[in-house]
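Report on the following structure.
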Amino acid sequence: MSARASRQRSQGGDRPSPFELCVYVVAGLHVLAGGYIAATGRLPVDPGISGPRVRLLLAAGVSAGPSVLVLLGALGLRRTAYPDPDWRHVGGWYLAGVGVGAATLAWLVVGTGPADPVPVPGELRATWLVVAGGLGGASGFVLGAWRGRAARSRHAPARLLATGDQAAWLFDPEHSETLYVNPAYERLFGQDTEELVDDPRAVIEVVHPDDREALRDGFDRLADGDPVEFELRANPDDGFGRWVWLSGWPVTDGDDRDTVACVARDVTSRRTHRERLVRLHDATRELFRAETEEEAARKATDAAEEVLGLRLNTIWLHDDERDELISTAASAAAEAASRPLPRFKTGTRLAREVYESGEPQVFNEVRVAPGGPNAPTRSEMVLPLGEYGVFMAGSTTTGPLENWQVSLGKVLAANVEVALARIEGTRELEESRRALERRNERLDEFTSVVSHDLRNPLAVARGHLDLVGEECDHESVETIDSALDRMGTLIDDLLTLAREGEAIDEPQSFDLGDHVRDCWAGVETGEARLAVETDTTIEADPSRLTQLFENLFRNAVEHGTTADDPVTVTVGSLPRGFYVEDDGPGIPPEKRGSVFEAGYTTEREGTGFGLSIVQTIAEAHGWDIEVTEGSGGGARFEVTGVTVY
């Protein structure tokens with residue numbers, strides 16, 4: 001029984017059954033009779049009990065008490081929504097208890113044999129009959145309530161099958177006899193239950209022709225003892241538009257299979273929702289193929305009409321320059337209903353309010369909403385698209401939008417927002433790519449100028465300087481020669497910096513320790529020492545990694561070696577990379593942030609590009625590099641983000 005029915009029963013809002021009414025009437029008469037008996041003093045009590053009030057209360061309790069308890073119990077059952085069918089047990093056993101109690105007393109009073117009857121005065125016999133009937137009725141009421149609840153539990157499965165929404169039927173494995181079919185079968189399949197009783201395979205006639213062969217095969221598998229489960233279209237009264245989930249299985253008794261059970265339920269709404277989700281998924285894939293905001297908006301309005309079943313839908317995108325929401329796409333019905341489509345500036349219009357708050361709004365009557373009296377729609381939902389705008393979908397009829405429309409509309413709006421963000425990101429990425437191409441073109445031009453247009457004049461200047469040196473012995477010649485050497489070194493470093501910054505296309509795997517030793521051998525290190533504390537394999541571009549190590553080694557030797565103590569350089573492993581450290585004087589903390597800047601140097605003859613090239617090579621690999629203090633107080637360079645094995 002539903003909660004509403006239970007509240008009605010508890011409040012006395014429905015009529016009692018005949019058996020319940022009988023309990024009230026008989027028990028009420030007993031209470032009245034008991035009260036009369038107590039008031040007239042016809043019930044003998046112990047004279048030793050002092051006080052007339054005490055004797056009156058005792059007499060009333062004995063004569064009317066059991067029936068009062070019966071009335072209270074009946075009202076309690078009524079408040080618990082006791083089912084009408086179970087009142088037959090309560091009422092029947094109560095009346096039987098009254099009768100048995102009265103009959104037992106009559107038998108004791110009148111007697112059935114040669115023995116003398118119980119000596120009860122004539123004026124008290126009616127009184128004792130009332131008392132005996134009340135006691136017997138109370139006992140019968142308790143027994144009836146217990147028997148009623150036991151019967152309810154025993155018959156609950158049958159009631160469930162008789163009143164449930166699922167169709168259920170039983171038949172023998174040979175399909176010759178239908179043993180049981182519940183009323184829900186006729187409602188679900190549109191076929192009279194008598195037809196199924198006559199022929200267990202009659203259900204095949206009320207399923208879609210395309211599904212009948214599958215159902216026949218299912219019945220054959222059931223006959224072989226295999227369970228089946230599938231979905232099919234049924235009910236010709238609905239044009240076979242009702243989807244039914246059907247499950248069948250053999251029912252065994254020990255080793256014998258004597259019955260086959262089938263259960264079916266309506267899954268049309270679930271199937272329809274699943275189909276809507278498929279259409280939404282397909283529409284989302286189309287959305288993500290859009291290349292412009294206008295194309296995405298147009299596909300979204302088409303999807304809204306197909307998936308949500310709402311003909312009036314529009315996409316409004318925000319114009320940053322004008323600070324307006326401008327209609328970017330609209331369904332044909334929306335365009336026909338409102339020509340021209342408005343623009344939403346600041347104010348209380350629905351679209352603007354949702355855009356600024358970011359909270360979706362659903363209106364079952366748009367005309368009562370702010371700014372809605374002139375709207376062509378009557379029921380509508382307005383959903384935000386983040387920073388991009390709003391999505392509006394509705395119909396020309398007043399009434400609540402379905403929950404599935406609102407939930408799927410929110411999913412569609414979220415997908416539109418993602419699609420717009422993707423388009424914006426793709427456009428920004430394309431702009432960045434074009435800017436990078438332009439920068440690379442300028443870099444190539446710069447490299448060409450440096451490698452040719454500067455090297456050639458430099459070579460000419462060096463050649464003339466050599467001629468001047470042969471004819472003139474002046475200290476300026478040496479100064480000019482030193483300046484030309486420095487210019488050549490600068491050109492080499494600039495070219496290296498430009499070329500090493502290109503992205504790594506095909507990294508190679510190799511042993512880090514062996515590569516470090518080869519790099520050390522290619523650098524003028526004097527008396528400096530190398531300690532290799534790694535046996536890992538990494539992925540990198542070998543030639544560029546060589547340049548990185550050579551620059552770090554030169555930096556350590558130049559800045560870490562002292563007159564009395566040559567520097568020791570250590571290369572070791574990190575969880576996702578490696579480090580290069582020395583035991584020299586190190587780099588002060590306040591200067592560590594500047595060492596990678598192009599042109600930064602503490603040596604008069606240095607170019608300041610060595611560590612900048614190191615950072616450029618690391619970034620070209622997608623690595624991170626950081627300078628810190630070494631374990632011995634020197635400089636330590638940590639390279640992380642490396643693919644290691």
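The values are calculated or read from the model by the stated rules, or taken from the named source; none is laboratory data. Everything quoted here is computed from the prediction, not taken from an experiment. Because the Cβ atoms are built from the backbone with ideal geometry, glycine has one as well, and the counts that use them run over all protein chains shown.
Is it true that L32 is more than 19 Å from A145 (Cα to Cα), surrounded by fewer than 20 Cβ atoms within 10 Å (Cβ to Cβ) and at pLDDT 75 or above? Let's see the steps before the verdict.
Values: more than 19 Å from A145 (Cα to Cα): yes; surrounded by fewer than 20 Cβ atoms within 10 Å (Cβ to Cβ): yes; at pLDDT 75 or above: yes.
When the stated conditions are applied, L32 passes them.
Among the residues of region 521-534, write down those that are at pLDDT 90 or above and in contact with a helix residue (DSSP H, G or I) (Cβ under 6 Å, 6 or more places away or on another chain).
At the first step, the residues of region 521-534 found to be at pLDDT 90 or above are 528-534.
Scanning region 521-534 gives A528, L530, V532, T534.
What pairs come out if I take residues in region 170-199 that are within 15 Å of T259 (Cα to Cα) and pair them with residues that are in a helix (DSSP H, G or I) whose C-beta lies under 6 Å away, six or more apart or interchain?
P173/A223; T178/L196; T178/V197; V181/T193; V181/L196
For region 216-240, which residues satisfy the criterion of being under 17 Å from A167 (Cβ atoms) and either in contact with an Asp or Glu (Cβ under 7 Å, 6 or more places away or on another chain) or touching a residue at least 24 places away in the same chain (Cβ under 8 Å) (or both)?
Result: G218, F219, L222, E231, L232, R233, A234, N235, P236, D237, D238, F240.
With respect to A598, determine if the residue is modelled with pLDDT under 85 and either in contact with a Pro (Cβ under 9 Å, 6 or more places away or on another chain) or exposed (fewer than 15 other Cβ atoms within 10 Å of the Cβ) (or both).
Numbers: modelled with pLDDT under 85: yes; either in contact with a Pro (Cβ under 9 Å, 6 or more places away or on another chain) or exposed (fewer than 15 other Cβ atoms within 10 Å of the Cβ) (or both): no.
In short, no.
Name the residues in region 578-599 that are part of a strand (DSSP E or B) and in contact (Cβ under 8 Å) with a residue 60 or more places away in the chain, would you?
Pass one, region 578-599, residues part of a strand (DSSP E or B): 578-582.
Hits for region 578-599 are F578, Y579.
If you check every pair at least six apart or on different chains, which have Cβ atoms under 6 Å apart with a residue in region 551-577 that is among the hydroxyl-bearing types (S, T, Y) first and a residue that is surrounded by fewer than 17 Cβ atoms within 10 Å (Cβ to Cβ) and not in a helix (DSSP H, G or I) second?
T568/R529; T570/A531; S573/T536
What's the number of the only condition in (1) modelled with pLDDT of 70 or more; (2) surrounded by 12 or more Cβ atoms within 10 Å (Cβ to Cβ); (3) more than 55 Å from the chain's Cα centre (by Cα) that E470 fails to meet?
(2)
Could you please find all residues in region 240-259 being of a type outside the set (A, V, I, L, M), at pLDDT below 90 and more than 19 Å from H273 (Cα to Cα)?
Step one: list which residues in region 240-259 are of a type outside the set (A, V, I, L, M), which gives 240-243, 245, 247-250, 252-259.
Narrowing the set further to residues that are at pLDDT below 90 leaves 241, 250, 252-259.
P250, T252, D253, G254, D255, D256, R257, D258, T259, listed by residue number.
Confirm whether E213 is assigned to a helix (DSSP H, G or I) and closer than 19 Å to D192 by Cβ. Lay out the reasoning, then the answer.
Details: assigned to a helix (DSSP H, G or I): yes; closer than 19 Å to D192 by Cβ: no.
So E213 fails the test.
Listed residues L95, L77, L57; which is out of contact with any His (no Cβ under 9 Å at 6 or more places or on another chain) and either modelled with pLDDT under 70 or not assigned by TED's automatic domain parsing to the domain that holds R147 (or both)? Explain how you work it out, then say what you get.
Values: L95 fails: either modelled with pLDDT under 70 or not assigned by TED's automatic domain parsing to the domain that holds R147 (or both); L77 fails: either modelled with pLDDT under 70 or not assigned by TED's automatic domain parsing to the domain that holds R147 (or both).
After applying the criteria, what remains is L57.
A quick yes/no check of all residues on (1) under 14 Å from V516 (Cβ atoms); (2) under 55 Å from the mean Cα position of the chain (by Cα); (3) at pLDDT 90 or above; (4) aromatic (F, W, Y):
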position: N555; (1), (2), (3), (4): no, no, no, no
position: E558; (1), (2), (3), (4): no, no, no, no
position: T561; (1), (2), (3), (4): no, no, no, no
position: D564; (1), (2), (3), (4): no, no, no, no
position: G572; (1), (2), (3), (4): yes, yes, yes, no
position: G577; (1), (2), (3), (4): yes, yes, yes, no
position: I587; (1), (2), (3), (4): no, yes, no, no
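Considering R274, R289, which residue is under 23 Å from the mean Cα position of the chain (by Cα) and over 27 Å from T396 (Cβ atoms)? Explain how you work it out, then say what you get.
Working: R289 fails: under 23 Å from the mean Cα position of the chain (by Cα).
Going through R274, R289 in turn, the sole match is R274.
Criterion first (assigned to a helix (DSSP H, G or I), touching a Ser or Thr at 6+ places or on another chain (Cβ under 7 Å), at pLDDT 90 or above and charged (D, E, K, R)) does E229 satisfy it?
Against the criterion (assigned to a helix (DSSP H, G or I), touching a Ser or Thr at 6+ places or on another chain (Cβ under 7 Å), at pLDDT 90 or above and charged (D, E, K, R)), E229 does not qualify.
Checking E324 against (1) surrounded by 16 or more Cβ atoms within 10 Å (Cβ to Cβ); (2) over 31 Å from the mean Cα position of the chain (by Cα); (3) in contact (Cβ under 8 Å) with a residue 40 or more places away in the chain, which single condition isn't satisfied?
(3)
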